[in-house]
1. Could you grab me the full set of residues in the range 129-139 that are touching a helix residue (DSSP H, G or I) at 6+ places or on another chain (Cβ under 7 Å) and either in a loop (DSSP other than H, G, I, E, B) or crowded, with 24+ Cβ neighbours inside 10 Å (or both)?
2. Would you say residue 255 is in a helix (DSSP H, G or I) and either touching a residue at least 40 places away in the same chain (Cβ under 8 Å) or at negative phi (or both)?
3. Under the condition of being within 16 Å of ligand 1 (Cβ to nearest atom) and surrounded by 20 or more Cβ atoms within 10 Å (Cβ to Cβ), which residue from the range 204-250 is farthest from residue 177 (Cα to Cα)?
4. Among 304, 311, 276, which is more than 19 Å from residue 225 (Cβ to Cβ), touching a helix residue (DSSP H, G or I) at 6+ places or on another chain (Cβ under 8 Å) and away from ligand 2 (no atom under 16 Å from the Cβ)?
5. How many residues are assigned to a helix (DSSP H, G or I), more than 21 Å from the chain's Cα centre (by Cα) and under 29 Å from residue 269 (Cβ atoms) if we restrict to the range 188-225?
6. Any residue at all in the range 59-76 that's farther than 22 Å from residue 105 by Cα, part of a loop (DSSP other than H, G, I, E, B), away from ligand 2 (no atom under 16 Å from the Cβ) and at pLDDT 95 or above?
7. Being in contact (Cβ under 8 Å) with a residue 12 or more places away in the chain, under 20 Å from residue 194 (Cα atoms) and within 16 Å of ligand 1 (Cβ to nearest atom) is the requirement here; does residue 305 meet it?
8. Among the residues that make up the range 144-158, is at least one of them modelled with pLDDT of 95 or more, outside any helix (DSSP H, G or I) and either surrounded by 20 or more Cβ atoms within 10 Å (Cβ to Cβ) or within 14 Å of ligand 1 (Cβ to nearest atom) (or both)?
Ligand code: CP
Ligand code: NVA
């Protein structure tokens, strides 16, 4: 990110590492209040907030990879805030024929008020943000998935109160969601212990960034050690979109499965989270994902509420 320069002064939502703790807290708290209003009895999912805070705003959503939750939650978020969303598949755009991300950013800035990008490469996201004259939102890259982890923090706090000082465990691949959790641990001042095999540990520079910023973040190769006394245990697929060498990954990650035995090491009232989609029987057993500690459906629904708050923050509302 060292050569990242903004041409325009915009409030992008690119990574939790770039967010200050007050802004992060404001986004979480606003999501709680937007959720309370939208879920009042009698409101359908097509509800529109009466003040239509984003009434004259539009969002272009670009997908270079598949999506269910992110796509639907952002589109419904714009609807509920009174705005407009346009869904674009990267391959159907001139992007797919070689138009640069920078040129695309400049063109889209003349049509829409914000751009949401799910990109194969984090570099594309940074290029989009560098050239766009409107806010750019990271809707997942190979490096990070900040919108997801904001929804996770919201979900944790709805169940267990402030996340500050709580122990969060990660068992599995040190992937894009794990990276955003490392950023979140610093931002929200919680303890994070990641159990990942050495082949699939999070990037060293992200762990160093956490250490240099006072984060209570630790990497181990022992799932039991991460799970011991945890208030929440999280995992994700062993094969992320774009990953290769599938068989090797499964063999190496098998000891990191979240199952009954691992859950027994966590606190009595611990939560289980997973960003979904899950590969049942791989990174998590049915018994855990469908069990009493699992909050995966609320976690998925909270994507809607947090997207609304992220969008409003980007627009300074
Ligand atoms: N968790 C998540 O981002 O899901 P989708 O890939 O379905 O958007
Ligand atoms: N790590 C997963 C998350 C999917 C929401 C992936 O990148 O495919």
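1. Those that are touching a helix residue (DSSP H, G or I) at 6+ places or on another chain (Cβ under 7 Å) and either in a loop (DSSP other than H, G, I, E, B) or crowded, with 24+ Cβ neighbours inside 10 Å (or both): 132, 133, 134, 135, 136, 137, 138, 139.
2. yes
3. The extreme case among them is 238.
4. Checking each option against the conditions leaves just 311.
5. Number satisfying all stated conditions: 3.
6. no
7. It is false that residue 305 is in contact (Cβ under 8 Å) with a residue 12 or more places away in the chain, under 20 Å from residue 194 (Cα atoms) and within 16 Å of ligand 1 (Cβ to nearest atom).
8. Among the residues of the range 144-158, at least one is modelled with pLDDT of 95 or more, outside any helix (DSSP H, G or I) and either surrounded by 20 or more Cβ atoms within 10 Å (Cβ to Cβ) or within 14 Å of ligand 1 (Cβ to nearest atom) (or both), which makes the answer yes.
The values are calculated or read from the model by the stated rules, or taken from the named source; none is laboratory data. Computed from a prediction, not measured in an experiment: that's the story for all the values here. Reconstructed Cβ throughout: ideal geometry from the backbone, glycine too, with neighbour counts over all protein chains shown.
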